[in-house]
Amino acid sequence: MWVVLKFGGTSVSTVPRWQRICNRVTQVLEEDGHPRVWVVISALTQVTNRLTQALADAISGTNHLKCYLEIFDQHIALALEHNLLSADAAAILVEHEHANRALSPDNVPPVLASLIHEFQNVRRVLDGIRLTEEASPRLRARMLAFGELLSTHLGLEIMKQAGLDRVVRVDSRQEGRLEDASGGATVVLSQGFIAGVVAHTGKLDVVETCVLGRGGSDTSGALFAAALQALRYEIWTDVHGMYTSDPRYVPHARLLRKLDYREAQELAAMGAKVLHPRCIGPAHWANVPVEIRNTNDPHGEKTVIGHMEDSGSPKVVATLDHIPGGVEGTSFALLLIALERLGSVAVVSSCATVSIVGRHLRTSLGELGHLFELLEGTEVLLLSESAEDLNLSFVVRDSDADGLVQRMHAALFPPPENAFSSPMRRSISRDDLLGSSWAELRAPSTPMTNLLL
């Protein structure tokens with residue numbers, strides 16, 4: 001019996017947040033049935049970006065070690081804050097690494113031996129790329145994977161120091177059954193974002209590193225949860241969950257306490273940045289509930305994603321500001337070329353999509369009729385409905401999008417004082433699905449930029 005916990009880069013980059021991680025693991029271990037815990041973590045904040053820059057610098061022949069040394073210093077500083085080594089030992093490690101001098105084994109604290117060894121691997125790979133000034137896709141993937149490998153080496157020692165003695169580190173790239181990999185441990189720490197692919201090379205099968213791309217850590221956690229038939233999958237991030245609209249534009253957007261798998265996937269596909277749409281599928285197939293929770297407010301409200309009884313009430317208004325790989329991407333350019341073979345093609349730029357997401361939208365059109373009145377004076381370039389009856393979208397001019405979203409949100413989710421004058425039906429079951437507003441949940445010390453995950 002397992003519970004899978006996933007923590008992103010900002011959640012593993014400070015001492016207080018690591019304390020919350022260890023506390024949460026302990027709480028789960030003490031639940032009824034005493035489930036085991038599989039923890040998935042990302043690289044420390046900004047490490048993947050720095051590895052990407054170090055890779056580019058090595059290929060171009062510039063100072064490829066600048067970003068590498070920043071990553072080294074970041075990990076040693078966090079280890080020092082956790083008292084995994086003394087200040088003198090940290091100074092020696094940093095001094096030798098910056099001077100590129102070999103370290104005596106006596107100067108490496110035993111608890112950090114695996115971390116330092118991994119850093120030596122990073123440096124060797126970067127030096128090799130610097131010599132050849134090129135990197136194959138396979139080598140690029142190996143380079144980017146180091147962020148998660150480093151964070152789990154350090155994270156293992158942090159968790160042990162916190163009293164989680166029966167914890168093991170598992171390499172996400174290795175072959176075999178997850179249960180076997182855990183070795184009977186009660187807590188397993190593994191990497192998100194990376195995976196292993198078996199390459200058949202003659203007589204030997206080699207496991208090559210691959211990276212899962214944007215949202216890869218969420219996807220890794222979902223795959224682990226599905227494979228383990230976990231009781232639940234908890235995604236810990238900087239927000240309480242998914243909202244009725246993008247809180248950056250609608251501060252009174254309400255938290256969605258419950259969502260169906262299909263609704264959550266549609267929301268994520270339409271631009272909600274809290275989680276990647278790819279991570280919903282594995283949890284849905286295995287019927288594993290997904291919880292989105294706030295690391296800064298561990299006991300606060302949350303979004304729970306799972307199977308829900310059918311409801312005809314639309315729940316969400318979402319905006320799209322940029323579709324990854326959209327008009328700027330290669331796929332769009334290829335589509336344009338294909339269409340031009342059939343005739344003249346005109347590209348209309350500076351557009352935005354405003355979408356209503358919810359189940360049974362077709363049967364709710366009467367209830368939604370008043371929303372079309374809000375389109376008066378707005379040029380609607382395209383109106384579409386998804387085949388799955390989950391999404392009603394309006395393509396409008398970019399300059400009209402924010403105002404339209406705010407008006408639609410106010411009509412769909414009126415505050416209690418305006419409930420009786422609103423055309424939307426209110427019900428206990430519907431209101432139970434809605435939590436506090438983003439403005440209410442947002443702590444004074446939490447910067448708005450935390451929404452940009």
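Quick check on H64: is it under 23 Å from L144 (Cβ atoms), crowded, with 18+ Cβ neighbours inside 10 Å, assigned by TED's automatic domain parsing to the domain that holds V125 and in contact with an Asp or Glu (Cβ under 6 Å, 6 or more places away or on another chain)?
Spelling it out, H64 is indeed under 23 Å from L144 (Cβ atoms), crowded, with 18+ Cβ neighbours inside 10 Å, assigned by TED's automatic domain parsing to the domain that holds V125 and in contact with an Asp or Glu (Cβ under 6 Å, 6 or more places away or on another chain).
Kindly indicate which of V47, V25 is closer than 23 Å to G184 by Cα, crowded, with 19+ Cβ neighbours inside 10 Å and assigned by TED's automatic domain parsing to the domain that holds V170.
V25
Checking A58 against (1) of a type in the set (G, A, S); (2) surrounded by fewer than 17 Cβ atoms within 10 Å (Cβ to Cβ); (3) farther than 30 Å from G183 by Cα: exactly one of these is not met. Which one?
(2)
Quick one: is L139 in contact (Cβ under 8 Å) with a residue 40 or more places away in the chain and in the same structural domain as S86 (by TED's automatic domain parsing)?
no
Being closer than 28 Å to V37 by Cβ, outside any helix (DSSP H, G or I) and either in the same structural domain as Q53 (by TED's automatic domain parsing) or of a type in the set (G, A, S) (or both) narrows it down to one residue among S172, S151; which is it?
Just one listed residue meets the conditions, S172.
Return the only residue of A102, A77 being assigned by TED's automatic domain parsing to the domain that holds K6 and modelled with pLDDT of 90 or more.
One residue alone meets the criteria, A77.
Out of curiosity, is V354 under 19 Å from R254 (Cβ atoms), in a helix (DSSP H, G or I) and modelled with pLDDT of 80 or more?
Criteria not met by V354.
Pick from region 72-99 the residues that are free of Cβ contacts under 8 Å to residues at least 40 places away in the same chain and not in a helix (DSSP H, G or I): which of them is farthest from V12 (Cα to Cα)?
S86
Can you run down the residue pairs with Cβ atoms below 8 Å, 6 or more apart or on separate chains, where the first is in region 175-192 and under 18 Å from I158 (Cα atoms) and the partner is of a type in the set (G, A, S) and modelled with pLDDT under 70?
The qualifying pairs are V188/A181; V188/S182.
Out of curiosity, is D389 at positive phi, at pLDDT below 85 and not basic (K, R)?
Spelling it out, D389 is indeed at positive phi, at pLDDT below 85 and not basic (K, R).
Of all residues being of a type in the set (V, I, T) and assigned to a strand (DSSP E or B) in region 224-255, which is modelled with the lowest pLDDT? Just the residue, please.
T237
Search region 96-124 for residues being exposed (fewer than 11 other Cβ atoms within 10 Å of the Cβ) and among the charged types (D, E, K, R), and hand back the single one that is farthest from A145 (Cα to Cα).
Residue satisfying both the conditions and the ranking: D106.
The values are calculated or read from the model by the stated rules, or taken from the named source; none is laboratory data. These numbers were taken from a predicted model, which means no experiment stands behind them. So basically every Cβ, Gly included, is an ideal-geometry build from the backbone, and we count neighbours across all protein chains shown.
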